Amino acid sequence: MILGVSLAGTIFVSTRASARKDHTVALIEAVDAAIAKAESLQQAASLASVRGSESRRVARHDNTPQSVALATEATAAERLAYVGAADAWEAAGVVVEDALASSVDTMDASAREELRRLRYRTQIGTGDLAGAAENLEAMLKQSIDSPDADPAHRIRVREDLVMAYYHAARLMRLRGDPERAWRLVSERARQHARVLAEGADPAGGLLGATTRRQYNLEVIMEFERTPLDMLDAEALPVECPGGNCKNLNLDTWPWKKRQNNDDSLNDDRGVGDPGSSGGG
């Protein structure tokens, strides 16, 4: 009889654990689907932005009724596409928050950390680039300081930081911010991108460079060299619907808060990163 109770208890615990796992998988799948939808709409908005930019260029050159009408139509389509992407990112953010709220007792720590990262990913998508960067920098530092942290998770955090800093630097430059300001933010992106491209994470050893990470580093360095008039003809950053990002003033960035507006990154470059990233 005692053995029977023990076996029944084991079955119950096993079933409960399986249910928790299924619940976790369902939550993460829902979040992944919401973010994938937002990313798809954002890519469509980026393509619409390219078409709009080209049609406006043609209209300025030709100045014919037909070219002006086409530019007007393309601009309207671009704005509509960005609105759809913005709505999708807002919806994805709600899905992430719901998943975090409903998984307090059912999800292990690593899965919840990944959900938190995805929360900050939706922050980037909705345009809160400085806020996302601050949260991601704190998450990266926590990962570096923890010997049991997942190196793959740390890579994803760095990739999100590259995205936030690069797109912010580009938008700051497009709106006419001083070179000193946008270069500080661009250098931050370059720092994290270089760590990823070289595969050297100080806490996790060699992680292995990939073509994509090397490409991201080259994109940042090319952005820093590209004349503003050429940059203005390109699409707005994918992760910032309509270019209307929040908190892009230099003093809102996390390292600026800590450094009392000192323009030097010094040892605070890319929390946990080694040395200087050099010029670009």
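Since every read-out is calculated from the coordinates, none of them should be taken as a lab result. What you are looking at is a predicted structure, and each value in this text was computed from that prediction instead of being measured. We place every Cβ from the backbone using ideal geometry, glycine too, and count neighbours over all the protein chains shown.
Just a few scattered comments:
- Distant-in-sequence amide H partners of residue 128 (H built 1.01 Å from N, under 5 Å): 246
- Close amide H partners of residue 177, meaning residues 5 or more places away or on another chain with modelled amide H under 5 Å apart, do not exist here.
- Given in Å, the Rg to one decimal and the Dmax to the nearest whole number for the Cα atoms of region 64-124 are 19.1, 64.
- Here the Karplus relation 6.51 cos²θ - 1.76 cosθ + 1.60, evaluated at θ = phi - 60°, turns the backbone of region 117-132 into coupling constants of 4, 5, 4, 6, 5, 5, 4, 4, x, 8, x, 8, 5, 5, x, 5 Hz, with x for every Gly and Pro.
- Per-residue ³J(HN,Hα) for region 133-145, Karplus 6.51 cos²θ - 1.76 cosθ + 1.60, θ = phi - 60°, Hz, x for Gly and Pro: 4, 4, 5, 5, 4, 5, 5, 5, 4, 4, 5, 5, 6
- Each of 122, 24, 226 was scored by other Cβ atoms within 10 Å of its Cβ. Listed from fewest to most, they are 226, 24, 122.
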